[in-house]
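> Here's a structure for you.
Rule-based calculations on the coordinates, nothing more; no lab input. Values in this document were obtained by computation on a predicted structure and should not be read as measured data. FYI the Cβ positions are ideal-geometry reconstructions off the backbone, even for glycines, and counts take in every protein chain you see.
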Amino acid sequence: MNRFLRYVCSLPLVRLKVTESGNYTCFTSNSEANGSLTFRVLIKQKPVVTLRHGEELECRAVGYPPPIIHWYQFAVSGLPPTDQPITPFLASAVAVAMTLTLLLAILLYKYKQKPKYEIRWKIIEAVNGNDYIFLDPSHLPYSEKWEFPRENLCFGKILGAGAFGKVMEATAYGLGEEETGTKVAVKMLKPRAHSTEKEALMSELKILSHLGQHNNVVNLLGACTQGGKCAARTVTTRATRTVATCAARTVTTHTCTYDVLEAEETLALDMEQLLNISHQVAHGMDFLSSRNCIHRDVAARNVLLTHGRVAKICDFGLARDIMNDSNYVVKGNARLPVKWMAPESIFDCVYTVQSDVWSYGILLWEIFSLGSSPYPDLPVDSRFYKLIRSGYQMSRPVLGTPEMYDVMSQCWHLDPHKRPTFQQIRQMINKQLDWTVEQVCDPAASVAGGCHVGGLCCAVCGRAVLRVACVWLGCAANSDTVSLCDPRTTVPSH
């Protein structure tokens, strides 16, 4: 038996790493003896250099054999930086882009702040609990029967102008059988009106045609919607020449021109007639509520008093510069007639027939205070809002009887459901119309010449006989007074 056999065992070392360098020992043994062999494995590595930039330059190198580090300084000039994050061109481009973005943001902010023309009237489509669902007026039908030839209109003076358009006096030929034509008021937008403003005026046409005719509402006679500008014609009486009639001559305020009636057409208004005007407005509002229409801006400035002392409810928002009208206060992104608004409209943006009743109570206060601005001693600030929340009510106006003031107080009830309906208001005023008022005010309080406060122009002639020519409050010169005509120059002497 051969006792000298060779046995071979191998350990493959593949792709050794630097960390695998060191001593390797091979052990062997049998029943008679044992042995071992140790050998050292050294792995060569290419030098790897790591640089760290800071206050001091640090160079770290690893490898085998151990690398030798040498520092050298080279004088290099004229080479452009390869790692500069912002070049001058890029910096200029960024600055221009930021400037343009800022300008665009400013323009967008200004555009959003600019009030947009919209008809205040809303049509109720359905009631869901305490929520009203309003009808989109663009969905209302519009009949071609309302179209009227533009060439049959002969325009006169501008009755009012605002930020969105104007209202012009015109004579319409062909509306009736009269050859002399019919006096009308024409609403039209400015030449460069935005498409949304055109849609708003078109919505107004549809709402007016949907409501139908009523003696105490400004009625639609026709429209010119084809071939250019959209214009709406509303009815006026033959003797009423303008939107707001003052007295005896043309009166110009800072934004509106009033072409007034002749002196012989100016009739005295006593207490019974003021009550009659109040009743007519309630009658018109009762009609609107029966047609599920909410006005949202019931105020004396939106009541037209025509010849024969017929009151007509309207909306002159198109011809009113609300940006400069102190009756409209900035609230959020809108300008709202806060002093005429119900608490639920101010604080919760809820508009209902009951909120119109609140505004009607403010209108009554305007009429029986001879056109004074409501809440005359209260600016619209945090204190004003706090008082409205707490149920604050204005005191009885100068010509308001206790019975009439009771109607106002009921209109101003904090609970909308406890306010009277317009039909109930008509009944309450009807009772007062049965009374005869011999004097409007104390003769001792009459003044020589006259007075005018707010937009309700009144003049005192003789002994306590008021000549009131309009109930529409026009353009406000400031928050407290309106400069219209001077009765001493507009009321003829007798």
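> Using Cβ counts within 10 Å as a stand-in for footprinting exposure, how do D381, D406 rank, fewest first?
D381, D406
> Separate question: Past the 22 Å Cα-Cα mark, which pairs from K122/K206; K157/K187; K145/K166; K110/K206; K157/K206?
Where the Cα-Cα span goes over 22 Å, the pairs concerned are K145/K166; K110/K206; K157/K206.
> Provide the packing ranking of 145-152, 337-344, i.e. peptides ordered by the mean count of other C-beta atoms within 10 Å per residue, highest first.
337-344, 145-152
> Around G63, under 14 Å between beta carbons, what's the net of Lys plus Arg minus Asp minus Glu among the other residues?
+4
> Per residue of the range 372-379, what does 6.51 cos²θ - 1.76 cosθ + 1.60 with θ = phi - 60° give for ³J(HN,Hα)? Whole Hz please, x for Gly and Pro, Karplus curve as stated.
5, 6, x, 6, x, 9, 10, x
> Moving on. Could you put F368, F347, F89 in order, starting from the residue whose Cβ has the fewest other Cβ atoms within 10 Å?
F89, F347, F368
> With the crude spin-label approximation of a point 7 Å out along Cα→Cβ, what separation in nm comes out for D415 versus R120?
Inter-label distance under the simple model: 2.8 nm.
> Extension gain K386-N215, at 0.36 nm per residue separation less the Cα-Cα distance, in nm?
57.6 nm
> Follow-up question, since we're still on this one. On full extension of the chain, what length is gained from Y64 through Y7, given 0.36 nm per residue of separation minus the C-alpha to C-alpha distance?
17.0 nm
> Something else now. As an exercise, use a Förster radius of 56 Å and the Cβ-Cβ distance of T38 and L102 to find the FRET efficiency, rounded to the nearest 0.05.
0.10
> Applying a 10 Å radius around every beta-carbon, put 97-108, 420-431 in order of their mean neighbour count, most first.
Final packing ranking: 420-431, 97-108.
> Through the Karplus equation 6.51 cos²θ - 1.76 cosθ + 1.60, θ set to phi - 60°, convert the phi angles of the range 349-363 into ³J(HN,Hα) values in whole Hz; use x for Gly and Pro.
Result, ordered by residue: 6, 9, 10, 9, 4, 5, 5, 5, 4, 4, 4, 5, x, 5, 4 Hz.
> Using amide H atoms built 1.01 Å from N in the peptide plane, name the residues 5+ places from E147, or on other chains, whose amide H lies under 5 Å from its own.
Amide H neighbours of E147: A223.
> Using 0.36 nm times the number of residues separating K198 and T50, minus their current alpha carbon distance, what extension gain do you get?
My answer for the length gained is 46.1 nm.
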